[in-house]
């Protein structure tokens, strides 16, 4: 029997300079020390946009405007199955604080490859590069970021 699916809302947060916000997981626990896009577990009955806004407020002390869905992916672990629903977000206010992580950092998208991420994040990074127009073509590929 398959374990139940747990939905994780993830925010790919961009600032006005099109930098992306990443945070480093605490050393203890699953995937400790790796970098990730912020987010967390969806509560029962909670719309995914609300999940992302709540998690980013709780984990980073920031407010974001949740925009379009970037990608959905599933990842199976031995004890659980996760469905990541990833949305592009625009940072609106609050200085990011590492309330549930070691550190947070604003990074140019083309530099994401310099940071160790969990395997599932490779598809998120690829989707972001595609949305932006590819790492060799920075800018937003003519697309607008979510408006604040």
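The residue that is surrounded by the fewest Cβ atoms within 10 Å (Cβ to Cβ), counting only those in the stretch 2-22 that are in contact with a strand residue (DSSP E or B) (Cβ under 6 Å, 6 or more places away or on another chain) and outside any strand (DSSP E or B), is 3. Inspection of the stretch 75-87 identifies no residue that is within 20 Å of residue 28 (Cβ to Cβ), modelled with pLDDT of 95 or more and either in contact with a strand residue (DSSP E or B) (Cβ under 8 Å, 6 or more places away or on another chain) or crowded, with 20+ Cβ neighbours inside 10 Å (or both). Of all the listed residues (92, 78), the sole one being free of Cβ contacts under 8 Å to residues at least 12 places away in the same chain and farther than 14 Å from residue 7 by Cα is 78. Of all the criteria given as (1) surrounded by 13 or more Cβ atoms within 10 Å (Cβ to Cβ); (2) without any contact (Cβ under 8 Å) to a residue 12 or more places away in the chain; (3) under 17 Å from residue 119 (Cα atoms), the one not satisfied by residue 25 is (2). The criterion of being under 17 Å from the mean Cα position of the chain (by Cα) and in a loop (DSSP other than H, G, I, E, B) does not hold for residue 45. Of all residues in the stretch 34-74, those satisfying the criterion of being under 16 Å from residue 118 (Cβ atoms) and either out of contact with any strand residue (DSSP E or B) (no Cβ under 7 Å at 6 or more places or on another chain) or surrounded by 14 or more Cβ atoms within 10 Å (Cβ to Cβ) (or both) are 34, 35, 36, 37, 38, 39, 40, 71, 73.
Can you find even one residue in the stretch 96-113 that is in contact with a helix residue (DSSP H, G or I) (Cβ under 7 Å, 6 or more places away or on another chain), more than 23 Å from residue 72 (Cβ to Cβ), in a strand (DSSP E or B) and modelled with pLDDT of 95 or more? Yes, the stretch 96-113 contains at least one residue that is in contact with a helix residue (DSSP H, G or I) (Cβ under 7 Å, 6 or more places away or on another chain), more than 23 Å from residue 72 (Cβ to Cβ), in a strand (DSSP E or B) and modelled with pLDDT of 95 or more.
Return the only residue of 56, 26, 88 being outside any helix (DSSP H, G or I) and farther than 16 Å from residue 127 by Cα.
Numbers: 56 fails: outside any helix (DSSP H, G or I); 88 fails: farther than 16 Å from residue 127 by Cα.
Exactly one of 56, 26, 88 is outside any helix (DSSP H, G or I) and farther than 16 Å from residue 127 by Cα, namely 26.
The values are calculated or read from the model by the stated rules, or taken from the named source; none is laboratory data. As the structure is a computational prediction, the values presented were derived from the model and not from experiment. All Cβ positions, even for glycine, are placed from backbone atoms using ideal geometry, and neighbour counts span all protein chains on display.
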